[in-house]
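The values are calculated or read from the model by the stated rules, or taken from the named source; none is laboratory data. Every value quoted in this text rests on a predicted model; they were computed, and no experiment measured them. Note that we place each Cβ from the backbone using ideal geometry, even for glycine, and neighbour counts take in every protein chain shown.
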Amino acid sequence: MLSSCSKVVEFPVPTAEPRNVVNVILTADSSLGGYLYETSSIISNDSAKPIANASMLIKNQQGLQVAYQLLGKDGAYFSSNTAQTHNCYHVEFNSGYGVSKGTTCIPNKPIISIVDSTIIKQLNDTTFDLNITIEDTSSTIKNFYRISCLAYEIESIKVNINGMIDTNYGWVTKVLNTRSFNYLINEYNYTNTGYLLRDDKFNGNSALLNFTFSISGTRKFKFRVDAIDENLFEYYRTSTAQQFVQNDPNAHYINVFSNISNGYGIVGSKNSWEFSYTNN
């Protein structure tokens, strides 16, 4: 007869005091503000927990107060004042976990031209092929961009109790294919749902970029080029890289970029160009 025994060994799970997590992405001509959450335990499955009992203070580059918000429902703190291009903003959140700070400057609006666009109908799919140019706004300042597309398309099709078909639509992030390998296939792009671009390869000039994506089942879409500050570029680069390797047991852990003092998260900014299309 074979027998065995086992002993359950409990080990202490390291704990840490909760800290502020800041999520502020200021957009030119949009409301000043953002979101505040608290960190969760490493063994917790809970989603981000908002901090409602706090305050937000935003000052401009002259040190003048331009926004203040006390008590943010669901962790949302927004002012009626708007962010302006070229302005820099210092953001402070004050909660029971202390004061967390970050600074960002609104970049120039991207200069985009549509070269051409083509709808390609195939047997099982219809795609939209788009060629654009991005003009460098300054040969002396580093510029950063993020390119993405949102589509309003079919999420589900169901038969209701009356025997009629109900079609539900919703906004989804599109997968973008590209032939612009020289600009977009590199060490800081880990996903094809949001391409990152630096101007170092077309400094003082313009870049010709190609994108192709499916529009089958799409009612309309918004193709967007965001000029982003360097903080936001690093945040997107490191967070997508971490998501890319998180299921690889042999990969090194990647620290997601943060520019927040006494906390985690991001204070960044963007200035957007958008091309909207309705599929008839």
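With the requirement that a residue be surrounded by fewer than 20 Cβ atoms within 10 Å (Cβ to Cβ), farther than 13 Å from Thr240 by Cβ and of a type in the set (D, E, K, R), what does the range 180-199 give you?
Arg198
Restricting the range 190-213 to residues that are in a loop (DSSP other than H, G, I, E, B) and touching a residue at least 24 places away in the same chain (Cβ under 8 Å), which is farthest from Ser113 (Cα to Cα)? Steps first, please.
From the range 190-213, those in a loop (DSSP other than H, G, I, E, B) are 190-194, 202-205; that's our starting set.
Adding the requirement that they be touching a residue at least 24 places away in the same chain (Cβ under 8 Å) leaves 190-191, 193-194, 202-205.
On the way: Tyr190: 26, Thr191: 24, Thr193: 21, Gly194: 19, Phe202: 15, Asn203: 17, Gly204: 16, Asn205: 13 Å.
The residue in question is Tyr190.
Could you go through the range 110-129 and let me know if any residue there is part of a loop (DSSP other than H, G, I, E, B) and under 28 Å from Ile25 (Cβ atoms).
Taking the range 110-129 first, the residues part of a loop (DSSP other than H, G, I, E, B) are 110, 122-125.
Retained after the next criterion (residues that are under 28 Å from Ile25 (Cβ atoms)): 110.
Checked the range 110-129: at least one residue is part of a loop (DSSP other than H, G, I, E, B) and under 28 Å from Ile25 (Cβ atoms).
How about the range 245-276: which of its residues are farther than 24 Å from Tyr37 by Cα and either at pLDDT below 95 or assigned to a helix (DSSP H, G or I) (or both)?
Once the filter is applied, which keeps residues that are farther than 24 Å from Tyr37 by Cα and either at pLDDT below 95 or assigned to a helix (DSSP H, G or I) (or both), the range 245-276 yields Val245, Asn247, Asp248, Pro249, Asn250, Ala251, His252.
Of these, Gly98, Gly75, which one is out of contact with any helix residue (DSSP H, G or I) (no Cβ under 6 Å at 6 or more places or on another chain) and loosely packed, with under 15 Cβ neighbours inside 10 Å?
Exactly one residue qualifies, and that residue is Gly98.
Counting only residues that are among the hydroxyl-bearing types (Ser, Thr, Tyr) and over 20 Å from Tyr277 (Cα atoms), which one in the range 101-129 is surrounded by the most Cβ atoms within 10 Å (Cβ to Cβ)?
To start, the set of residues in the range 101-129 that are among the hydroxyl-bearing types (Ser, Thr, Tyr) comprises 103-104, 113, 117-118, 126-127.
Checking which are over 20 Å from Tyr277 (Cα atoms) leaves us with 103-104.
Details: Thr103: 17, Thr104: 25.
Among those that are among the hydroxyl-bearing types (Ser, Thr, Tyr) and over 20 Å from Tyr277 (Cα atoms), it is Thr104.
Which of the residues belonging to the range 256-280 are free of Cβ contacts under 8 Å to residues at least 60 places away in the same chain and buried (at least 17 other Cβ atoms within 10 Å of the Cβ)? Reasoning before the result, please.
Initially, the range 256-280 is screened for residues free of Cβ contacts under 8 Å to residues at least 60 places away in the same chain, giving 256-258, 274, 276, 278, 280.
Once the filter is applied, which keeps residues that are free of Cβ contacts under 8 Å to residues at least 60 places away in the same chain and buried (at least 17 other Cβ atoms within 10 Å of the Cβ), the range 256-280 yields Val256, Phe257, Ser258.
Quick one: would you say Ile228 is under 13 Å from the mean Cα position of the chain (by Cα), touching a residue at least 60 places away in the same chain (Cβ under 8 Å) and either assigned by TED's automatic domain parsing to the domain that holds Lys142 or buried (at least 16 other Cβ atoms within 10 Å of the Cβ) (or both)?
When the stated conditions are applied, Ile228 passes them.
Looking at Asn210, Asn168, Asn143 in this structure, which one is in contact with a Lys or Arg (Cβ under 8 Å, 6 or more places away or on another chain) and exposed (fewer than 13 other Cβ atoms within 10 Å of the Cβ)?
It is Asn168.
In this structure, does Glu92 turn out to be among the acidic types (Asp, Glu), part of a strand (DSSP E or B) and surrounded by fewer than 14 Cβ atoms within 10 Å (Cβ to Cβ)?
No.
Given the conditions (1) hydroxyl-bearing (Ser, Thr, Tyr); (2) modelled with pLDDT under 95; (3) under 22 Å from the mean Cα position of the chain (by Cα), and given that Thr27 satisfies all but one, which numbered condition is not satisfied?
(2)
Consider the range 63-87. How many of its residues are more than 20 Å from the chain's Cα centre (by Cα), assigned to a strand (DSSP E or B) and not small (Gly, Ala, Ser)?
Residues in the range 63-87 being more than 20 Å from the chain's Cα centre (by Cα), assigned to a strand (DSSP E or B) and not small (Gly, Ala, Ser): 6 in total.
If you take the residues of the range 170-187 that are among the polar types (S, T, N, Q) and farther than 12 Å from Phe213 by Cα, which of them is nearest to the chain's Cα centre (by Cα)? Walk me through how you get there before you give the answer.
Filtering the range 170-187 down to residues among the polar types (S, T, N, Q) leaves 173, 177-178, 180, 182, 186.
From the residues that got through so far, the ones that are farther than 12 Å from Phe213 by Cα too are 180, 182, 186.
On the way: Ser180: 22, Asn182: 23, Asn186: 19 Å.
Applying the filter and picking the extreme gives Asn186.
I want to confirm something. Restricting to the range 231-255 and keeping residues that are touching a residue at least 12 places away in the same chain (Cβ under 8 Å) and of a type in the set (Val, Ile, Thr), which single residue is farthest from Asn143 (Cα to Cα)? Walk me through it before giving the result.
Kept after step one, since they are touching a residue at least 12 places away in the same chain (Cβ under 8 Å), are these residues of the range 231-255: 231-244, 254-255.
With the extra rule that they be of a type in the set (Val, Ile, Thr), the set shrinks to 238, 240, 254.
On the way: Thr238: 18, Thr240: 20, Ile254: 24 Å.
Per the criteria, the residue is Ile254.
Looking only at the range 47-62, filter to residues that are part of a strand (DSSP E or B) and at pLDDT 95 or above; which one of those is surrounded by the most Cβ atoms within 10 Å (Cβ to Cβ)?
As a first pass, look at the range 47-62 and keep what is part of a strand (DSSP E or B): 49-50, 55-60.
From what is left, the residues that are at pLDDT 95 or above are 50, 55-60.
On the way: Pro50: 17, Ser55: 16, Met56: 26, Leu57: 18, Ile58: 24, Lys59: 17, Asn60: 16.
The selected residue is Met56.
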